[in-house]
1. Here is a list: 174, 140. Which entry is in a helix (DSSP H, G or I) and under 38 Å from the mean Cα position of the chain (by Cα)?
2. Consider residue 94 carefully, then state whether it is in contact with a helix residue (DSSP H, G or I) (Cβ under 8 Å, 6 or more places away or on another chain) and more than 30 Å from residue 32 (Cβ to Cβ).
3. Quick test for you: out of 38, 15, pick the one residue that is part of a loop (DSSP other than H, G, I, E, B) and more than 27 Å from residue 118 (Cβ to Cβ).
4. Quick one: would you say residue 98 is assigned to a helix (DSSP H, G or I) and either closer than 30 Å to residue 236 by Cβ or outside the structural domain of residue 237 (by TED's automatic domain parsing) (or both)?
5. Looking at residue 158, is it touching a residue at least 24 places away in the same chain (Cβ under 8 Å) and more than 19 Å from residue 26 (Cβ to Cβ)?
6. So for the range 174-192 (the condition being modelled with pLDDT under 90, surrounded by 12 or more Cβ atoms within 10 Å (Cβ to Cβ) and over 26 Å from residue 278 (Cβ atoms)), does at least one residue qualify?
7. Just give me the residues in the range 114-129 being farther than 30 Å from residue 284 by Cα and without any contact (Cβ under 8 Å) to a residue 60 or more places away in the chain, in sequence order.
8. Are there any pairs with C-beta distances below 9 angstrom linking a residue in the range 183-200 that is closer than 12 Å to residue 250 by Cα to a residue that is at pLDDT 90 or above, with the two at least 6 apart or on different chains, and if so which?
């Protein structure tokens with residue numbers, strides 16, 4: 001904003017230093033109280049726009065830096081070229097725009113700019129952009145929170161998966177240890193049984209050896225013979241028992257070992273990662289309000305008063321994905337619009353009113369808000385669609401009629417209008 005109070009420009013030119021109390025935008029200088037009074041009484045300057053200097057100081061610097069005179073020639077702007085969408089001084093018109101036909105007096109363009117359709121579109125666009133930014137801010141903040149929740153959920157999932165893996169391996173370990181204990185016990189029983197048999201036979205052999213030694217010393221020959229035969233039979237039985245143990249593989253060494261599953265052996269090679277963290281994107285619930293009219297700042301349209309028989313010929317009917325509209329061609333005539341004669345336009349249905357758009361430039365040319373539309377619908381001829389305006393608007397008072405071709409049906413506009421209004425209003429609310 002402008003912070004310093006400007007000096008009175010008129011007094012300054014007389015080498016008198018006086019603080020200004022007002023600012024004249026036409027003269028682009030400050031005025032003291034005395035000079036302000038003369039300024040408002042002078043015929044040449046009484047129509048100038050004057051505001052208190054404290055209001056002037058509240059204006060943004062970006063506004064104060066906007067020049068109202070031509071940068072190339074230093075002269076005030078006198079006209080506006082719709083073809084090039086630029087303001088022109090008299091020299092610009094001669095040098096750069098001598099072949100341009102769509103030229104309008106700058107005063108006709110700016111006389112009602114603050115209440116024009118362009119200003120309405122800019123304000124609507126600003127509201128839409130601000131609302132979109134709020135939605136984006138809220139959406140991104142929610143996304144940050146959801147990322148934190150995602151991380152916590154993934155961490156919990158990893159812990160649960162790890163716990164399940166641990167529990168699974170613990171169960172396998174318990175089962176394998178139980179099996180190991182069972183096998184060991186069975187093998188020990190077999191060997192213990194053989195040991196018991198061998199120990200009994202060893203004891204019997206020891207007793208026979210003792211008996212044989214005593215018999216040889218003290219028994220008669222007959223007794224020695226009989227006992228020898230008995231010992232011989234006992235030895236044959238023991239020998240048969242040993243042979244039987246050999247034949248039944250009961251004397252083989254028994255060892256137990258672990259044969260690890262291949263999947264377990266290669267677990268380090270096969271399971272290289274616990275999982276993958278995947279980033280997914282989705283459309284989500286956020287809806288962005290798209291501006292219906294592009295480049296509103298360039299939409300400077302000057303119109304004449306519209307008469308009841310002003311006609312537009314509908315040449316094609318199309319239903320667009322987002323804004324069903326009707327493509328039309330303006331018929332030239334004394335009452336025709338002063339821009340884009342014979343060009344193609346379209347009548348768009350919006351939540352706030354009817355908009356006539358330039359298809360190529362994607363800007364609005366005319367606007368009829370619903371609050372000034374008395375009636376819309378089929379005219380008497382049944383093949384026309386009329387918009388009857390009740391009070392002053394950007395086209396003036398009267399009736400604008402769109403003549404439909406045989407391919408088009410006014411009932412389609414009447415049917416679509418309440419649907420589009422409800423749909424777009426609902427989209428704005430959400």
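The values are calculated or read from the model by the stated rules, or taken from the named source; none is laboratory data. Note that this is a predicted model, so its numbers are computed, not measured. Counting neighbours? That spans all protein chains shown, and the Cβs are built from the backbone with ideal geometry, glycine included.
1. Going through 174, 140 in turn, the sole match is 140.
2. So residue 94 does not fit the description; no.
3. Testing whether each residue is part of a loop (DSSP other than H, G, I, E, B) and more than 27 Å from residue 118 (Cβ to Cβ) leaves just 15.
4. Criteria not met by residue 98.
5. So residue 158 fits the description; yes.
6. No: the range 174-192 contains no residue that is modelled with pLDDT under 90, surrounded by 12 or more Cβ atoms within 10 Å (Cβ to Cβ) and over 26 Å from residue 278 (Cβ atoms).
7. 114, 115, 119
8. 187/256
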